[in-house]
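A short write-up of the structure that comes next.
Each value in this text was obtained by applying a stated rule to the coordinates, not by laboratory testing. Predicted, not measured: the structure shown is a model, and the values here were computed from it. Please note: Cβ atoms are built from the backbone with ideal geometry, for glycine as well, and neighbour counts cover all protein chains shown.
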Amino acid sequence: MPTGRKTILPQSGFSTRSVHAGHDNSNDPHRSLITPIYQTASYEFEHVSDLWDFYEKRSTRLAEYARYGTPTQRALELALAALDNAENALVTSSGMNAITTALMGLMQAGDHFVCLAEGYRGTFKLFDQHLTRFGLSLTYCDLTLAAIEKACTPKTKVIFLELPTNPYLKLVDLEEVVRFARTKGLMTVVDATFASPYNMNPLDYGADLVVHSLTKYINGHNDVVAGAVLGSKELVEKIKPVRNLLGSNPDAHMCYLISRGIKTFALRMEKHNRSSLAVAEFLEKHKNIERVWYPMLASHPHHALAKKYLRGGSGIVTFTVEAKDDSQTERLKASTAFVEALKIPTHAASLGGVESLVHQPTVMNYYDLSPDARLAAGIPDNLVRLSVGIEDTDDLIADLDEALKRI
Ligand SMILES: Cc1ncc(COP(=O)(O)O)c(C=O)c1O
């Protein structure tokens, strides 16, 4: 496993890897403690023979041109690989770009892939409105192995799983899916954004590639949009030209910010895990709450899978608030009154940062559907998704309690 500094062993604990992995100042005359921001578009070849060396050993030379990567970016990639037990990693300009790059690298026109029917709606829009325009086809299926098997065709190349899912935090038995995929020669790609490498490492269960939106827990500060693809040396090399030719490398400053965020990754995740479990337990007992989904609650439909695959539940708690009646109008009124009464969580898109954010799927990701279509898509209008930040848990619970009195 590449870890930058020689002293950081692959078996070092997660926090040690978070703080140190990726940084390598052995060729730096200033011995900088932190990997610098290489704000340059291009790099000098000192000798013409460097060029020959470069073409022959393309992957070993650190930098040529910023669209192919910068030393700041490479330090981030090595850190990410160390955190996800991957041989190599590629960072990209967004989580969406990581998904696009991975799938473009693995498939070609005429191929088919299978995708779980529950997940981030942006991903579904990318698949339905764009990837299918370029000759790829896909089948959505339920979250069971039987449904995945049934959805596969002789043209299937990839099984794409978002685990846990957005917004209900559901899972599938990854080991079973990987076993099936291997018997059929299929690739398994896991979007593990909601778990983050702190809570789950899909490569350990045999997944071929992992993708992350670094925008969420890994950067953790709600100030950068970026993504990553991780896997074996061979697969990452195979898909790297897609990213380099699409030009979707994040710039060096973004990479620096994410590397900075990673230093406190373990501390932040520990707090997200603890605080969101306390929030989920509080909400579950509250009379103005209809239902709560949090994978570490015994009431979650996939709690047994969560215990098998997740070290913690991360920071998302999804719930429905009680409404006067079951009409979508009353449901929307109740969730709106609740969201507007909250003082600490900000009503905003995204998740996984230090600030708590609250999100009404009805008016954000699903705004363009009619109330009935939303319901059919599994999104009732009293649904709320809370991204629990790292504020004091007692303050968050007191704020939720006050806001629930308003509905
Ligand atoms: C599970 C999941 N995957 C991917 C993405 C896309 O990430 P980005 O916004 O960094 O492109 C999101 C965004 O919310 C997400 O929730």
How large is ³J(HN,Hα) for each residue in the stretch 304-310, as worked out from phi by the Karplus curve 6.51 cos²θ - 1.76 cosθ + 1.60 (θ = phi - 60°), to whole Hz, x for Gly and Pro? 5, 5, 4, 5, 6, 9, 10
So, with +1 on the Cβ of K and R and -1 on the Cβ of D and E, and no other charges, what is the size of the charge dipole of the chain about its Cα centre, to the nearest 20 debye? 520
Could you please rank Lys184, Lys405, placing first whichever residue has the fewest other Cβ atoms within 10 Å of its Cβ? Lys405, Lys184
Tell me, what is the FRET efficiency for His303 and Asp325 to the nearest 0.05, using R0 = 22 angstrom and their Cβ-Cβ distance as r? 0.15
Give the calculated FRET efficiency between Arg31 and Gln129 to the nearest 0.05, with a Förster radius of 51 Å applied to their Cβ-Cβ distance. 0.55
Over all viewing directions the Cα convex hull of the stretch 255-300 casts an average projected area in nm² of 4.2
Please compute the Kirkwood hydrodynamic radius over the stretch 25-161, one decimal place, Å, based on all pairs of different Cα atoms. 18.2
Cα-centred dipole magnitude for the stretch 201-266, charges only on beta-carbon of K, R (+1) and D, E (-1), debye, nearest 20: 120
The set of residues whose placed amide H lies less than 5 Å from the amide H of Gly389, leaving out same-chain residues fewer than 5 positions away, is Ser356, Leu357
Ranking request for peptides 186-193, 92-99: highest mean number of other beta-carbon atoms within 10 Å first, then the rest in descending order. 186-193, 92-99
For Cys141, which sequence-distant residues (separation of 5 or more, or a different chain) have an amide H within less than 5 Å of its own amide H, given hydrogens modelled in the peptide plane? Cys115, Leu116, Ala117
Backbone HN-Hα couplings from phi across the stretch 364-370 [Karplus 6.51/-1.76/1.60, Hz, Gly and Pro as x]: 10, 4, 10, 4, 8, 9, 6
Show me the three semi-axes of the equivalent ellipsoid for the stretch 265-404, from the C-alpha gyration tensor (sqrt of 5 times each eigenvalue), largest first, rounded to whole Å. 24, 17, 14
Which angle between 0 and 90 degrees, to the nearest 10, do you get for helix 71-83 versus the longest principal axis of the chain when only C-alpha atoms count? 60
From the cross-link list Lys307/Lys343; Lys184/Lys238; Lys285/Lys333; Lys125/Lys324, the entries with a Cα-Cα span beyond 27 Å are Lys307/Lys343; Lys125/Lys324
Could you tell me which of Val225, Ala66, Thr153 has its Cα farthest along the dipole of the chain towards the positive end, charges placed at Cβ (Lys, Arg +1; Asp, Glu -1), taken about the Cα centre? Thr153
GNM of the chain, Cα pairs under 10 angstrom: of Ser213, Ser356, Ser232, the biggest fluctuation goes to Ser232
When the chain is modelled as a GNM with alpha-carbon springs shorter than 10 Å, which of Thr101, Thr40, Thr16 fluctuates the most? Thr40
Quickly rank 269-277, 119-127 as a protection proxy: mean count of other C-beta atoms within 10 Å, highest first. 269-277, 119-127
With unit charges on the beta carbons (Lys and Arg positive, Asp and Glu negative) and the dipole taken about the Cα centre of the chain, which residue among Ala376, Tyr120, Ser196 sits farthest to the positive side? Ser196
For the charge dipole of the chain, defined by +1 on Lys and Arg C-beta atoms and -1 on Asp and Glu C-beta atoms about the Cα centroid, which residue among Leu342, Val172, Pro295 has the Cα displaced farthest towards the positive pole? Val172
Helix axis angle, 95-106 relative to the chain longest principal axis, alpha carbon, degrees: 60
Going by C-beta contacts inside 10 Å, put Thr215, Thr153 in order with the fewest on the left. Thr153, Thr215
Cα convex hull of the chain: how many Å³ per residue? 143
Normalising by the residue count of the stretch 14-262, find the relative contact order in percent from Cα pairs under 8 Å and 6+ residues apart. 25
Answer in debye to the nearest 20: the dipole magnitude of the stretch 265-404 about its Cα centre, from +1 Lys/Arg and -1 Asp/Glu charges placed on Cβ, is 620
Within 10 Å of each residue's Cβ, count the other Cβ atoms and sort Arg243, Arg182 from fewest upward. Arg182, Arg243
On the formula 1/(1 + (r/R0)^6), with r taken between the Cβ atoms of His347 and Glu281 and R0 of 22 Å, the FRET efficiency rounded to 0.05 is 0.40
Expected vector for the stretch 317-331, Karplus 3J(HN,Hα) from phi with 6.51, -1.76, 1.60 and θ = phi - 60°, integer Hz, x for Gly and Pro, equals 10, 10, 7, 10, 8, 5, 10, 4, 8, 8, 5, 5, 4, 5, 5
